[in-house]
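Asker: Here it is, the structure, as structure tokens.
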Amino acid sequence: MSEVSNEQFEQMLEDSIKTIRNGEVVEGAVIDVKPEEIVLNIGYKADGIITRNEYTNEPNADLTALVSVGDTMEAKVIKVNDGEGQVLLSYRRLAAEKGNKKLEEAFENHTVLTAKVVQVLGGGLSVAVDETRVFIPASLVSDTYEKDLNKYKDQEIEFVITEFNPRRRRIIGDRKQLLVARKAELQKELFERIKIGDVLEGTVKNVTDFGAFIDLGGADGLLHISEMSWGRVESPKKAFKVGESVRVFIKDINGTKIALSKKFPDENPWNDAASKFASGTIIKGTVARMTDFGAFVELAPGVDALLHVSQIAKEHVDKPSDVLTVGQEIEAKIVDFNEEDKKISLSIKALLNGKEEAVAEAEETEAAEAVEAEVSEETAAEE
């Protein structure tokens, strides 16, 4: 048997080790990790090196927190010899190529993707799909105006690819159309099951000077200021807060418009008004508003009574504001109750007259009792 020379042995050993070339994809096991680089055993005569920049787009990432010794991974050969006898690899570029392929297929098939928002830009959001960046313009982030996009940072969001041009580094995502489609579906389901009179739980979405818009889970309904309470609501913004839950019922449906109300019939203060506000009842109330002919006094939430200017005092009063102020509590006598027209008339004058008559009657009774006692004493003395 012939002997093998050293030269022949080295040649055989080198031939037994695989060869690699630039652009090839190799697989290896992590044998060392430093904050700025990863060392891979790729079964080649030299180890593979992945620098921080070739692993991730994050400039300050600590690779020891992302990769562990023993992990296996694929990478793309950038240089067979980096000048120091090592193979320069890129995990990021391979991931980007895979990401581009995935995005291209998603673009062609209109596939819904889910990815993490890695950066909030002035004009939109940047999401990462396998190290490939997708830009979602601010106008396509939501179906409503978003003043501050920072709430999406590090959040997982769904979107579709509407433009794919990797050569120009232009890959555009759209989240808005998904939200619009889902809302349309929810709206259809909502209108198929609701009817006038239904009581629902909703969430305050927006509050204006004239009312509040309530999210019913598929469509918004308007709760007008006049339907917020049986009592008086001066400002919807003081009565409701965005995000709070409210119980309402459907007052009317007109196409896709829903009118809501919180004035539940069983809570109508006029239901038992006849017993509470019968004529002759002396009652306290609060001056709610005034006109030249009188003042409207709130006796209970939703129940106002008129105190005519001629009934404010015994003496002549030119206008209510001369003696009364809004918010002032007064005591008066109910002189008329009209349940059918829901009208109540008050009089302070009648109350004052009644008190004077009561005082006069009491004085007369006291005087009569005094005379009777005096007569009794005289009779007893004569006996």
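The values are calculated or read from the model by the stated rules, or taken from the named source; none is laboratory data. All of these numbers come straight from a predicted model, not from anything done at the bench. FYI the Cβ positions are ideal-geometry reconstructions off the backbone, even for glycines, and counts take in every protein chain you see. In case anyone asks, the SASA skips ligands and DNA or RNA and just uses the protein heavy atoms, side chains included. Shrake-Rupley method; radii C 1.70, N 1.55, O 1.52, S 1.80 Å.
Asker: Among the listed residues K263, K314, identify the single one that is without any contact (Cβ under 8 Å) to a residue 40 or more places away in the chain and open to solvent by 60 Å² or more (accessible area, probe 1.4 Å).
Answerer: The unique qualifying residue is K314.
Asker: Hey, any hits in the range 238-247 for a residue that's under 28 Å from K342 (Cα atoms) and either part of a loop (DSSP other than H, G, I, E, B) or open to solvent by less than 30 Å² (accessible area, probe 1.4 Å) (or both)?
Answerer: Scanning the range 238-247 turns up no residue that is under 28 Å from K342 (Cα atoms) and either part of a loop (DSSP other than H, G, I, E, B) or open to solvent by less than 30 Å² (accessible area, probe 1.4 Å) (or both).
Asker: May I pose another question? Would you be able to say whether some residue in the range 326-343 is within 49 Å of the chain's Cα centre (by Cα), aliphatic (A, V, I, L, M), closer than 26 Å to A274 by Cβ and outside any strand (DSSP E or B)?
Answerer: Checked the range 326-343: no residue is within 49 Å of the chain's Cα centre (by Cα), aliphatic (A, V, I, L, M), closer than 26 Å to A274 by Cβ and outside any strand (DSSP E or B).
Asker: Restricting attention to the range 102-116, does a residue exist that is touching a Lys or Arg at 6+ places or on another chain (Cβ under 7 Å) and either of a type in the set (V, I, T) or assigned to a strand (DSSP E or B) (or both)?
Answerer: Checking the range 102-116: not a single residue is touching a Lys or Arg at 6+ places or on another chain (Cβ under 7 Å) and either of a type in the set (V, I, T) or assigned to a strand (DSSP E or B) (or both).
Asker: Among the numbered conditions (1) within 30 Å of D272 (Cβ to Cβ); (2) at pLDDT below 90; (3) open to solvent by 50 Å² or more (accessible area, probe 1.4 Å); (4) out of contact with any Gly (no Cβ under 7 Å at 6 or more places or on another chain), tell me where L351 comes up short.
Answerer: Only one criterion in (1) within 30 Å of D272 (Cβ to Cβ); (2) at pLDDT below 90; (3) open to solvent by 50 Å² or more (accessible area, probe 1.4 Å); (4) out of contact with any Gly (no Cβ under 7 Å at 6 or more places or on another chain) is unmet by L351, namely (3).
Asker: Within the range 24-39, does at least one residue satisfy the condition of being open to solvent by 100 Å² or more (accessible area, probe 1.4 Å), out of contact with any strand residue (DSSP E or B) (no Cβ under 6 Å at 6 or more places or on another chain), of a type in the set (K, R) and modelled with pLDDT of 85 or more?
Answerer: no
Asker: Return a yes/no flag: does the range 363-379 have any residue that is open to solvent by 70 Å² or more (accessible area, probe 1.4 Å), at pLDDT 60 or above and either among the aliphatic types (A, V, I, L, M) or within 29 Å of P265 (Cα to Cα) (or both).
Answerer: Checking the range 363-379: not a single residue is open to solvent by 70 Å² or more (accessible area, probe 1.4 Å), at pLDDT 60 or above and either among the aliphatic types (A, V, I, L, M) or within 29 Å of P265 (Cα to Cα) (or both).
Asker: Which of the residues belonging to the range 40-65 are loosely packed, with under 15 Cβ neighbours inside 10 Å and under 24 Å from V129 (Cβ atoms)?
Answerer: Answer for the range 40-65, where residues must be loosely packed, with under 15 Cβ neighbours inside 10 Å and under 24 Å from V129 (Cβ atoms): N53, E58, P59, N60, D62, A65.
Asker: Hey, can you tell me all the residues within the range 212-237 that are of a type in the set (D, E, K, R) and open to solvent by 40 Å² or more (accessible area, probe 1.4 Å)?
Answerer: Matches in the range 212-237: D215, D220, R232, E234, K237.
A quick yes/no check of all residues on (1) aliphatic (A, V, I, L, M); (2) touching a strand residue (DSSP E or B) at 6+ places or on another chain (Cβ under 9 Å); (3) more than 26 Å from E27 (Cβ to Cβ):
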{"position": "L88", "(1), (2), (3)": "yes, yes, no"}
{"position": "Y91", "(1), (2), (3)": "no, yes, no"}
{"position": "L103", "(1), (2), (3)": "yes, yes, no"}
{"position": "E131", "(1), (2), (3)": "no, no, no"}
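Asker: Where in the range 150-208 are the strands (runs of 3 or more DSSP E), entirely inside, with at least 1 residues that are under 26 Å from N100 (Cβ atoms), polar (S, T, N, Q) and open to solvent by less than 50 Å² (accessible area, probe 1.4 Å)?
Answerer: Per the criteria, 156-165.
Asker: Output the number of the condition that R93 fails; it satisfies all remaining conditions of (1) modelled with pLDDT under 90; (2) charged (D, E, K, R); (3) open to solvent by less than 70 Å² (accessible area, probe 1.4 Å).
Answerer: Checking R93 against (1) modelled with pLDDT under 90; (2) charged (D, E, K, R); (3) open to solvent by less than 70 Å² (accessible area, probe 1.4 Å), the one that fails is (3).
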